[in-house]
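Q: Just passing along the structure, written as C-alpha cells.
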Amino acid sequence: MNIVVLRYGGLGDILLATPLLRIIKKKYPAASITFVTETGNTSILANSTLVVSTHGLDKGTRSSVYGSYTAGSSLRKQTGSIGLYVNLQPSLKSIAFGIGLMPKLTWTFKKDRRIQMETGKVRHAIDDFLNVLPHGIPSDANRTMEFVIPADAKSKAETKATELGINLSTAIVINPAGTRDINRWPPDKLAEFIGWMEVNLGGYTPVIVGGPGDAWLEDSIVRHLGRPVKSLIGKLSLQELGAVLQHAAVTVTGDTGPLHIAAAVGARIVCLSGAADPDRTGPSNNPFDLVVINRSLPCVPCQGRSCKRGDIACMTQMSVASVVDAVERRIKAG
C-alpha cells in the first residue's frame, strides 16, 4: 500500500511527527510511505527508517489550490494508487492536494491546545499528532522522535570539532539562534553565561552552533564577551549538528529546531523557554532534561510570534543564574 503523509514547516514541525510515522509503519509494515513537505526541508528525514521517500513542494505550488491539486495528482501518477493520505497540515490547499491523490482513506489532523483533564496541561505536540490515529493512541506508543545520523556525518562532525580544539564530550553546546526574536536569549546574556562558564565550570568548553545565517549572533556574543568563543556556526550539516549535540555534555537551546534534534538523538538538554509552551513543544523524552522559564510573568507562555509587550521580557529578563543552575543540575544528572 502507498501512504502519503503531508506536513509543512521547519525542523520541529517535521521531527515532532516522526513518532506518528513509526506507528503507521508498525501498523502497515509493507507500506511505502512518502513524506511531503516544503522544498528544502526534505533532508530532515534523510536516511529515515520510517519513510521510503520524501517529496518537496515549492512555495508557489503549495500556496495555490490548483497547484496543490496538480501536485497531488502528479504524485499519484508517480507512485500509483494511494491507500492512505495523512493530512497533518489541514487547509483548503492540503485538501486539494488530497483530492489530487485520490486516496482510499484520509486521516486529518486537528490541532488541540485545550488543557487536558487527565494531566492539567496542554497535550504535547507529539501526542497531538498521534491523536490523528482513528482508534486512539496505542498504550505502547513510542514517542521518541527519529533523526538518523549516518556514520560519515559522525566522523565529519568529530573531525571539524577536533580541528577547532573541541572535545565534544566536555562541550557545553549553545544554540543562540531562533526563527524569531521571541525564541532567543539575548547575546549579552549568552556572553555573560559563557564568561561565567569559563571561570567557574572547569573542564567544560562553551561551543556555539548555528547555521550560516546566524553569524551575526556570534559577532554579537563576541562583541559583548570581548574575546572569541569556540564556534561551529555555519560549519555543520544538519546531520553533523545532530552528532555534535548527541555527544556534547549539555545542549543549551531555545525552543526551536535544534531542540528537537537534540531530543531525538538523546542529547542532555537545558531548554530556555519564553513564548513557547514547554508542555506542548519542550523536551519530551528524558525526565532529566530541564526547562528554564519564568512563569511569574502573566503572559508566559503566550505562544505568540511576536511580543505584544514589546520588550520580550520572558527572554530578556531570564537570569544568567537560573541558566547556570539548570546547566549544573543537568551535568550532575548524567
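Q: What is the packing order of peptides 293-306, 262-275, 88-101, taking the mean over residues of other C-beta atoms within 10 Å and listing the highest first?
A: Values: 293-306: 13.9, 262-275: 25.0, 88-101: 19.9.
Listed from highest to lowest mean packing, they are 262-275, 88-101, 293-306.
Q: State whether the range 220-292 is rounded, prolate or oblate according to the following rule on the C-alpha gyration tensor (a ≥ b ≥ c being the square roots of its eigenvalues): a/c under 1.5 gives rounded; otherwise a/b larger than b/c gives prolate, and the remaining case gives oblate.
A: oblate
Q: Ok, one more. Please state the shape class of the range 155-230: rounded when a/c is under 1.5, otherwise prolate if a/b exceeds b/c and oblate if not, all from the C-alpha gyration tensor.
A: It is oblate, given that a/c is not under 1.5 and a/b is not larger than b/c.
Q: Amide H neighbours of His55 under 5 Å, at least 5 residues apart or on other chains, H built in the peptide plane: list them.
A: Phe35, Val36, Thr37
Q: Using a Förster radius of 45 Å, what is the FRET efficiency between Gln317 and Asn142 based on their Cβ-Cβ separation? Nearest 0.05, please.
A: Details: r = 38 Å, r/R0 = 0.84.
The value I calculate is 0.75.
Q: Let me ask another. For the range 238-267, list residues with backbone N below 17 Å from a point placed 7 Å from the Cα of Thr159 toward its Cβ?
A: What the label zone holds, given the 17 Å backbone N cut-off, is 238-244.
Q: Further question on the same structure: For Thr205, list long-range residues whose amide hydrogen, built 1.01 Å from N in the peptide plane, is under 5 Å from its own amide hydrogen.
A: Here Ala171, Ile172 satisfy the definition.
Q: Arranged by the count of other C-beta atoms within 10 angstrom, fewest first, what order do Thr39, Thr256 take? Write out the running numbers ahead of the final one.
A: Values: Thr39 13, Thr256 22.
Ordered by Cβ neighbours within 10 Å, fewest first: Thr39, Thr256.
Q: Pull out a ≥ b ≥ c, the square roots of the eigenvalues of the alpha-carbon gyration tensor of the chain, then state rounded if a/c is under 1.5, prolate if not and a/b is larger than b/c, and oblate in the remaining case.
A: It comes out prolate by the Cα gyration axes.
Q: Now for a different question. Taking every DSSP beta bridge with both residues inside the chain, roughly what % is antiparallel (nearest 5)? Write out the running numbers ahead of the final one.
A: Working: 1 of 37 bridges.
Here the antiparallel bridges make up roughly 5 percent for the chain.
Q: Using a simple spin-label model with points 7 Å from Cα along the Cα→Cβ vector, what separation in nm is obtained for Arg329 and Ser91?
A: 3.9
Q: Using a Förster distance of 25 Å, how high is the FRET efficiency between Arg305 and Ser64, based on the Cβ-Cβ distance and rounded to 0.05? Could the numbers behind the result be given before it?
A: Numbers: r = 24 Å, r/R0 = 0.95.
About 0.60, to the nearest 0.05.
Q: Right, next: Filter Lys77/Lys110; Lys27/Lys154; Lys154/Lys235; Lys25/Lys93; Lys77/Lys104; Lys121/Lys332 down to the pairs with a C-alpha to C-alpha distance above 20 Å, please.
A: Pairs exceeding the cut-off: Lys77/Lys110; Lys27/Lys154; Lys25/Lys93; Lys121/Lys332.
Q: Let me ask something else about it. In terms of modelled amide H atoms, which long-range or inter-chain residues lie less than 5 Å from the amide H of Ser32?
A: It is Asn2, Ile3, by chain and number.
Q: Taking a spot 7 Å from the Cα of Asn167 along the direction of its beta carbon, which residues of the range 213-241 have an amide N less than 19 Å from it?
A: Output list for this probe position: 230-232.
Q: Ordered by residue, what ³J(HN,Hα) values in Hz, to whole numbers, does the range 121-132 give under the Karplus form 6.51 cos²θ - 1.76 cosθ + 1.60, where θ = phi - 60° and Gly and Pro are x?
A: Values per residue, Gly and Pro as x: 10, 6, 6, 4, 4, 4, 5, 4, 5, 4, 5, 6 Hz.
Values quoted throughout were computed directly from the atomic coordinates according to the rules given, and no laboratory measurement underlies them. None of these values were measured; they are calculated from a predicted model. As a convention, Cβ positions derive from the backbone with ideal geometry for all residues, glycine included, and neighbour counts pool all protein chains shown.
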